[in-house]
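The values are calculated or read from the model by the stated rules, or taken from the named source; none is laboratory data. Small disclaimer: the values here were computed from a predicted structure and weren't measured. FYI the Cβ positions are ideal-geometry reconstructions off the backbone, even for glycines, and counts take in every protein chain you see. For the accessible areas, the whole protein counts, side chains as well, though only heavy atoms, and no ligand, DNA or RNA atoms are used. Shrake-Rupley method; radii C 1.70, N 1.55, O 1.52, S 1.80 Å.
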Amino acid sequence: IYADPAKRLELYFRPKDPYCHPVCANRFPTSTMLLRVRRRSKKKQQLGTEEQIQPEVQFEMEILGIVTTVYKFQGMSDFQYLAMHSGPDGKQTSMYDKVLMLKPEKEEFFNRDLPLYIPPPIFSRLDTPIDYFYRPDVQHREGYSNPQVSGENLIGLSRARRPHNAIFVNFDDEEIPTKPLDAAVQNWKKVCTNPVDKKVEEELRKLFEVRPVWSRNAVKANISVHPDKLKLLLPYLAYYMLTGPWRSLWVRFGYDPRKHPEAKIYQVLDFRIRCGMKYGYAATDMPVKAKRSTYNYSLPITVKKQGSHTVSVHGLKQGLGTAGTSGAKKSPSSRYKLKESVYIFREGALPPYRQMFYQLCDLNVESLQKIIHRNDGTESECTERDGWCLAKTSDDLRDSMSLMIKQIIRSTRPALFSNTTSSEDGKEQLAYESGEDEDDEEEEEEDFKPSDGSENEMETEILDYV
């Protein structure tokens, strides 16, 4: 806990109870001293029978060191839950001996009839009391109607997502949209009030004229626009593909890639760097580290959330990011740009993340392009799995890219491959593993880091636009 300043110190009153809810302490900097105090008492000799003995007390103090960090328990400790059952007479009986398996048990232990016991899936996310400042109902202008809230968001752990009015299209949908929603137009016009925003709009229009299908990472690497403004601009110029060979990509309004064989170069390839002992190196030896691990998971209540900058419509109108440490070092034309490596694959370079979404035209390797263009001029059918390409084209691309990456790792870390024979070099066929980081990660409150590229290995921004 001490090694990570964003974590809170946990204290369990009943450490052996898995249902015990911890009390969390916040970390604070301090400049205090650690003292060792000794109290020595020495009895005086008795002078008379009636005279009491007065002990002589001495204190010795020694400074052991300086304390720079302190943890303070400031939250309430009454969020507890016991495995109890309330009987008909109101008497509470413990169920720990029935629900906790402390030693290997036989089948009868699991087949016993027990009262219904459902532990809470999550405790309160707050452990400090807060004040509610009640306000009267807001008087809206005539014609205003409250936004529709689905039943899923009536009771939830977080707020309902703000709608960005994007249009979603499935591969099986017959029609494709030719214009944005009126709400998307109004949202962009509301924040597009300065020349910089209008310039960004024109730049994105030119990008879609040159190339009708783009990933969000590719857009971020070609134009400098704040992510919060890009969320409003993309639904204004393009629709989002949910399924099929162009999934997770933005397509220009009016363009249907299913009807144009030349659109196969814009198809998406879900590529994941393979690792494992059968490949010659373990996950810990990978030069490209995973963004997160299930072994290092912390509950939200145990992590101190950093204060984020509140974004308002006024801030969007004035132009976000005009000040800041990262923005001060970069020119306005490249302040929010990402590196090309977040969407382009080149031979001899490792991807920034273990899982990447590449468009086929962004695989800048001649051998890979030959695999993609094997059926040029003979495309007959667009399928949901392979699009306009031949069957198993994605598998062939992944195999070739995996061998390229293995050669890079071999050259940078030859000790990992000291036991492999040279005859295996040209014969290795690496099976595709789908277990590495395959969960769709949602970007909830993204902290913008232009120098690090995209925060997500899988660029699935569906939830940002629902």
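Restrict the check to the range 76-98 and report whether at least one residue is within 22 Å of Leu126 (Cβ to Cβ), modelled with pLDDT of 90 or more and open to solvent by 70 Å² or more (accessible area, probe 1.4 Å). The answer is no; no qualifying residue exists. Among the residues making up the range 208-258, those that are in contact with a strand residue (DSSP E or B) (Cβ under 6 Å, 6 or more places away or on another chain) and under 23 Å from Asn194 (Cα atoms) are Phe208, Leu234, Ala238. Of everything in the range 241-283 that is hydroxyl-bearing (Ser, Thr, Tyr) and farther than 16 Å from Tyr358 by Cα, the residue that is modelled with the highest pLDDT is Tyr255. One residue stands out among those in the range 99-140 that are open to solvent by 100 Å² or more (accessible area, probe 1.4 Å) and of a type in the set (Val, Ile, Thr): the one that is modelled with the lowest pLDDT, which is Val138.
Residue-level analysis places Gly377 among those that are without any contact (Cβ under 8 Å) to a residue 60 or more places away in the chain and either over 27 Å from the mean Cα position of the chain (by Cα) or not in a loop (DSSP other than H, G, I, E, B) (or both). Criterion first (at pLDDT 85 or above, of a type in the set (D, E, K, R) and more than 44 Å from the chain's Cα centre (by Cα)) does Glu60 satisfy it? Yes; evaluated as a whole, the condition is true for this residue. Cβ-Cβ contacts under 7 Å between residues 6 or more apart (or on different chains), taken from a first residue in the range 343-357 that is in contact (Cβ under 8 Å) with a residue 24 or more places away in the chain and open to solvent by less than 40 Å² (accessible area, probe 1.4 Å) to a second residue that is among the polar types (S, T, N, Q) and part of a loop (DSSP other than H, G, I, E, B), are listed as Tyr343/Ser215; Phe357/Ser215; Phe357/Ser248.
Pairs meeting the criteria (first residue in the range 87-108 and in contact (Cβ under 8 Å) with a residue 40 or more places away in the chain, second residue surrounded by 10 or more Cβ atoms within 10 Å (Cβ to Cβ) and not acidic (Asp, Glu), beta carbons under 6 Å, at least 6 apart or on different chains) are Tyr96/Ala83.
Any chance the range 342-364 includes a residue that's at pLDDT below 75, farther than 30 Å from Phe28 by Cα and polar (S, T, N, Q)? There is no residue in the range 342-364 that is at pLDDT below 75, farther than 30 Å from Phe28 by Cα and polar (S, T, N, Q).
Candidates in the range 15-34 are the residues that are open to solvent by 70 Å² or more (accessible area, probe 1.4 Å) and in a loop (DSSP other than H, G, I, E, B); of these, the one that is modelled with the lowest pLDDT is Pro18. For the structure I just gave you, tell me whether Lys72 is of a type outside the set (Ser, Thr, Tyr), under 30 Å from Pro300 (Cα atoms) and modelled with pLDDT of 80 or more. Against the criterion (of a type outside the set (Ser, Thr, Tyr), under 30 Å from Pro300 (Cα atoms) and modelled with pLDDT of 80 or more), Lys72 qualifies.
Only a single criterion out of (1) exposed (fewer than 12 other Cβ atoms within 10 Å of the Cβ); (2) modelled with pLDDT under 85 is not satisfied by Gly377, namely (2).
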